Each structure stands twice: as structure tokens, then as C-alpha cells.
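Take this structure, written in C-alpha cells, and hold onto it; I'll ask about it next.
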Amino acid sequence: MTSQSDASDDRGPYETHDLLTRNVEEVVTDQEVLELAADPDGKRAYVGYEPSGVLHIGHLLTANKLIDLQEAGMEVVILLADVHAYLNGKGTFEEIRDTAGQMRAQFLAYGLDEASTEFVYGSDYQLDEEYVLDLHQLELSTTLNRAQRAMAELQSGESARVSHVVYPLMQALDIEYLDVDLAVGGMDQRKVHMLAREELSELGYDVRPCLHTPIVADLTTGEGKMSSSAGVTISMEDSTEDLEEKVNSAFCPPTRDPEGDLENPVLELFEYHIFARFDDVTVERPPKYGGDLTYHEYEALATDLESGDLHPADAKATLARYLDELIAPGREKLREIRGE
């Protein structure tokens, strides 16, 4: 597995920029991130997570990016957004705090460097007078239509509530109050980050650059996104057998969709999870099927899969094995927490 480098290495700004932006779908803006890459040591990057239970593949994709940022010399701030979760009806503060504590342990087990990771509860500052007054100022300056555009998608049959509109305004304000230099999130957070860039300046605050990571497609169809609320997902609760079963049933076409409507989730998991954390990936095969194959980069594996030199069954077996290695420490931490 790739190890974190000393932050004082000889990496130049363009090499650091490449590390900061690898496996990122969107950079806002590239010039701002390049300026950050010129002096990353001690700079702070933030991701917010609503405490919702066991870490899944979406959490881990952004966590991979946080590990990259730490390797570049940056400090990471993880907001365990208990107030956000409360506004979203996820339980009492006591229940939400308990879940947040479990998530903290899982992130560290996954590979985040504890010395350069700060965990913050939203309730540590979001109930303070200054924050609340700034939030009210945002409510005054933001139109209802603009706030609604930044809202998360509602579940089928769910009615919008006032809290759903306040939620993205708080996410925007968090970027200022956490004193960070960079905001990170999946593409589903893009609208919130754009809201922050538009509205924080109205309060006299600086705008921050943003990195948006891709959304992995549904595991069984290659459509939409892999979601813990619908369909099959991969999480830290999965046993080795669970992982093998899920990956073996994954959608894995031999060629890329010429229409561009379908993704190959097996390749996406290799690109954004496996090659993000391992320097080399070895496909184990019996000699009669050509023997082992070792790949040093994602594109070589993708090319072999699409040309037929790498069989989908071998690719899936390899993916399950490496995912299991990534997830195993978090799985054990969960068992320890639960007393299993």
C-alpha cells in the first residue's frame, strides 16, 4: 500500500498540484489550487460528513483524497456534522454523537494520519451567537430559489422542510468557521460549494477553492450512483465473503459504452480506490491462464480488460481482494466498538 511521504520532500508546485487534483472530477479554480500547491504545508482542507453510520464507498472516496492532501503536507479537518444530522431527522444529539464517534474511529482505521487530522463536531461552534447571526445574515441575503438549488436531493415521497433549506447555508458558512483553505466533497456537494463562493463574500469572508471527487456508478447497472439508500453498496461492515459476492455480481462490460450512458463500476473502483492507495496491483492467475499480471498504473489494467487480455472474472477477484485489504482495519474497529 502507498505510504505517506514526508511533507518536506522535494515535490515542486506542479507535482503537488497533480497530487492534490488526481482522481478529481472538478477543480474550482485550477489557478487557486495551483497557488495552494506552491505552499501546502500546514494549509487546512475540510470535508463534512453527516454522522449516518458505517462508512461506505462514498465516504472512502473522499477519504482517499484527504490522504493525498496529507501526503502533500496539508492538515485535514473532518466535520462530524451532528447539527446537520439533527436537522435531517437522524436522531437525538446523543444518538448522533455516538454514531459520529464510531465514524471517527473508522476514518483513522482506514488510513488517515491522526496527527494531521482534526475532528470537529458541528455543535462545537454552530450554536454560538456569532455563527447563528451570520447564518441569519445568509438567510437574509440568499433567495429561496438559490437555497433550494443547493439542497440535497430528497428521498422519494419526502416533503421539503425549512431545515432542508437552512442546511446548505450552514454548509457554506462552515467553510469560514472551520478556518480552512480548501473545501473537498463529492460532485453532489458542488452546488453547496458554489453557493459558498457566491455568498460568503457578501459577509466579508474570503472564498476558498474546491475539489470535487467523482461519484461511482451503481454497482449492478453502471447507471446513476452507488448508494447506501438504494441498491448495492460496499461498506466497512462487509465481510470478505460479502465483498466477493458483491463484486462478482458487479456490472463489468468488456468494452466502454460508446454512448457514454453507462460506466464500468469495476474499473471505477480500481481507478479511484485501488490505484489511489496501492503502488502496484497484481492479478493472481494460474500458469495455464497466463500467470500473474502486475499493473503499475490504472490505464494499463483498463486497457487489458477492454482488449480481452484480462478476463472480467480475474479483474473482479483482484478487486475484491484489494478492497478487502483496505476495508479490513475498519471492519475490525467496528467489531471492537460493538464488542463482537
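Mind listing just one residue for me: the one in segment 219-245 that is buried (at least 21 other Cβ atoms within 10 Å of the Cβ) and touching a Gly at 6+ places or on another chain (Cβ under 8 Å) and, of those, modelled with the lowest pLDDT?
Ranking the qualifying residues of segment 219-245, first place goes to M226.
Across segment 33-52, what is the total count of residues that are of a type in the set (V, I, T) and not in a strand (DSSP E or B)?
The number of residues fulfilling the criteria is 1.
Can you report the number of residues in segment 113-141 which are part of a helix (DSSP H, G or I), charged (D, E, K, R) and surrounded by fewer than 13 Cβ atoms within 10 Å (Cβ to Cβ)?
So the count comes out to 3.
Say whether the condition of being charged (D, E, K, R) and farther than 22 Å from Q126 by Cβ is met by at least one residue in segment 176-189.
no
A follow-up question, please. Out of the residues in segment 290-321 that are β-branched (V, I, T) and surrounded by fewer than 19 Cβ atoms within 10 Å (Cβ to Cβ), which is farthest from R22 (Cα to Cα)?
Keep residues of segment 290-321 that are β-branched (V, I, T), which gives 294, 303, 318.
Narrowing the set further to residues that are surrounded by fewer than 19 Cβ atoms within 10 Å (Cβ to Cβ) leaves 294, 303.
Working: T294: 22, T303: 19 Å.
The residue in question is T294.
With of a type in the set (D, E, K, R), surrounded by fewer than 20 Cβ atoms within 10 Å (Cβ to Cβ) and touching a Gly at 6+ places or on another chain (Cβ under 9 Å) as the only criterion, which of E32, E25 stands out?
E25
Exactly one condition in (1) part of a helix (DSSP H, G or I); (2) modelled with pLDDT of 95 or more is not met by H84; state its number.
(2)
Just for segment 1-32: of the residues that are part of a loop (DSSP other than H, G, I, E, B), at pLDDT 95 or above and over 19 Å from V77 (Cβ atoms), which one is farthest from the chain's Cα centre (by Cα)?
So the first thing to find is which residues in segment 1-32 are part of a loop (DSSP other than H, G, I, E, B), and the list is 1-12, 22-25, 29.
Filter once more, so that each one left must be at pLDDT 95 or above: 22-25, 29.
Checking the rest, the ones that are also over 19 Å from V77 (Cβ atoms) come to 22-23, 25, 29.
Numbers: R22: 13, N23: 11, E25: 12, T29: 19 Å.
By that ranking, first place goes to T29.
Also: Within segment 71-112, take every residue that is among the charged types (D, E, K, R), in contact with a strand residue (DSSP E or B) (Cβ under 8 Å, 6 or more places away or on another chain) and touching a residue at least 40 places away in the same chain (Cβ under 8 Å) and give me the one that is surrounded by the most Cβ atoms within 10 Å (Cβ to Cβ).
D82
The values are calculated or read from the model by the stated rules, or taken from the named source; none is laboratory data. All values reported here derive from a predicted model rather than from experimental measurement. Cβ atoms come from the backbone with ideal geometry, glycine included; neighbour counts cover every protein chain shown.
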